[in-house]
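Colleague: Sharing a structure here in structure tokens format.
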Amino acid sequence: EEPITIKGLSSATGIKTAQIIKFLFKQGVMATVNSAIGTEAAMEVAMEYDIELEVKELETAEEKVEKQFAEREKVDEQPRPPVVTVLGHVDHGKTSLLDRIRQADVAAHEDGGITQHVGAYRVSVEGNDGAKKTVVFLDTPGHEAFSTMRARGARMTDLVVLVVAADDGVMPTTIEAIAHAKAAEVPIIVALNKIDTPQATDENIRKIYGQLAEHGLNPTDWGGETEIIKTSATEGTGITELLEILDYQAELLELTADYGGPARGTVIEAEMQTGRGSVARVLVQDGQVKVGDFIVSGRAFGRVRDMINDRDQSVADAGPATPLELSGIDLVPDAGDKFFVTDSLKRAEEVALQYRETERQQTLASKTKVTLDNFADAV
Ligand code: GDP
Ligand code: MG
């Protein structure tokens, strides 16, 4: 979005710059002829003078890159594993369940590697039909992370596992989680956890089914659409079944990714590390990323220096559904920022610099906004 200046607005509308400045001043905004004015404020000024203002939203450099990716021809489209977020009320067993799931991973045992914290990890199990099923889990359970991502427009989660403890039932956070998942249009699979506890009687389970049905999650056992898997994180019950259902749901959703071409994905978290500089934990969603690739993510850009996957292996390239920690970018991007591999460092820089300029202007705009009160104090 190209910023409109007061001067620009004046020449577009014929309203004198002094009039515009006065109008803004009355609203507590200090401006000069060269100040940028937001789209909304420009509309308000125009409305005040009964002028119809048509504001053309220009594409940002990032949006252009995104569009290029969206429109590009698929090189190697294939089914991909689902990306799953675990939600639920505190103490219902989210962390325990994720630990159990991690232990069920056959690949980690084969590699002898321990999955390290990269914001997400892949779990592969052999299903009852002998086929390998892979599921990607986002590592931060809880709906704060889920909503932050969604608020930033990041679409990462394909499926939600809603953990409900059999000895406690549907609680306020459970209901909130259902609302969040529904708003994001992400299908919910229920893990009815702590099935090993004495409170997990048939009667209590029926009661919980009723509570779930009341909130729009009608169990398949009752002819509805919601899969409920009885699990015990402490005893390891139902874990394989849960993973199989997730894999099956991924098939129903026909999730695919382009396994060829340059990569795009999303930042799960990022930080500055002594010695390594800025590192971003990302999930690759399409294409391939290689060491040496040019990359841009929000305000950050650079050249990929090294990559570590969720199996704690240093890798030279990675494809869709791979969680990675990568270094080589100059600044720390935000969680939820998208990343793109570009064909040149110049292009990556261009996109990042425009992002920074927009950020700078937003900061300026928030700083120059003074109230009439403190303006009076100043004069
Ligand atoms: P979170 O807050 O949802 O992450 O819940 P936690 O995973 O931290 O679990 C809370 C408590 O419940 C811990 O004391 C766990 O040991 C216990 N817990 C978790 N899952 C089970 C289960 O399936 N059965 C039983 N009996 N206890 C469990
Ligand atoms: Mg926890």
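The values are calculated or read from the model by the stated rules, or taken from the named source; none is laboratory data. Keep in mind that this is a model prediction, so the values were computed, not measured. Quick reminder, even Gly has a Cβ in these numbers, built from the backbone with ideal geometry, and neighbours come from all protein chains shown. Each accessible area value is taken on the protein alone, full model and side chains, heavy atoms only, with ligands, DNA and RNA left out. Shrake-Rupley method; radii C 1.70, N 1.55, O 1.52, S 1.80 Å.
Colleague: Mind checking which residues of segment 144-169 are under 30 Å from residue 202 (Cβ atoms) and open to solvent by less than 20 Å² (accessible area, probe 1.4 Å)?
Modeller: Residues satisfying the conditions are 159, 160, 161, 162, 163, 164, 165, 166, 169.
Colleague: Considering only segment 213-235, how many residues are open to solvent by 30 Å² or more (accessible area, probe 1.4 Å) and either within 16 Å of ligand 2 (Cβ to nearest atom) or not polar (S, T, N, Q) (or both)?
Modeller: The qualifying residues number 12.
Colleague: Also, I was wondering about something else. Of the numbered conditions (1) buried (at least 18 other Cβ atoms within 10 Å of the Cβ); (2) over 22 Å from the mean Cα position of the chain (by Cα), residue 349 fails exactly one; give the number of that condition.
Modeller: (1)
Colleague: Sticking with this structure for a sec: With respect to residue 190, determine if the residue is within 28 Å of the chain's Cα centre (by Cα), within 16 Å of ligand 1 (Cβ to nearest atom) and buried (at least 18 other Cβ atoms within 10 Å of the Cβ).
Modeller: Against the criterion (within 28 Å of the chain's Cα centre (by Cα), within 16 Å of ligand 1 (Cβ to nearest atom) and buried (at least 18 other Cβ atoms within 10 Å of the Cβ)), residue 190 qualifies.
Colleague: Here's a follow-up. Report the residue count in segment 67-81 for those that are open to solvent by less than 70 Å² (accessible area, probe 1.4 Å) and modelled with pLDDT under 90.
Modeller: 2
Colleague: Of the conditions (1) modelled with pLDDT of 95 or more; (2) under 25 Å from residue 358 (Cα atoms), residue 269 clears all except one; give me its number.
Modeller: Unmet for residue 269, out of (1) modelled with pLDDT of 95 or more; (2) under 25 Å from residue 358 (Cα atoms): (1).
Colleague: Okay, moving on. Can you name the number of the only condition in (1) away from ligand 1 (no atom under 16 Å from the Cβ); (2) at pLDDT below 75; (3) of a type in the set (A, V, I, L, M) that residue 136 fails?
Modeller: For residue 136, the failing item is (2).
Colleague: Still on this structure, please answer the following. Tell me yes or no: at least one residue of segment 146-167 is charged (D, E, K, R) and within 16 Å of ligand 2 (Cβ to nearest atom).
Modeller: no
Colleague: Taking interchain pairs and intrachain pairs at least six residues apart, which have beta carbon atoms under 7 angstrom, with the first residue in segment 126-142 and under 15 Å from residue 321 (Cα atoms) and in contact (Cβ under 8 Å) with a residue 24 or more places away in the chain and the second within 16 Å of ligand 1 (Cβ to nearest atom) and in a loop (DSSP other than H, G, I, E, B)?
Modeller: As it stands, the answer is 139/117, since those pairs meet every condition given.
Colleague: Right, another one. Pick from 174, 157, 140, 197: which is of a type in the set (Ser, Thr, Tyr) and not in a loop (DSSP other than H, G, I, E, B)?
Modeller: 174
Colleague: How many residues does segment 82-105 contain that are modelled with pLDDT of 90 or more and away from ligand 1 (no atom under 12 Å from the Cβ)?
Modeller: Count: 4.
Colleague: If I filter segment 245-259 for residues that are over 26 Å from the mean Cα position of the chain (by Cα) and of a type in the set (Asp, Glu), do I get at least one hit?
Modeller: Just the residues of segment 245-259 that are over 26 Å from the mean Cα position of the chain (by Cα), to begin with: none.
No, that holds for no residue.
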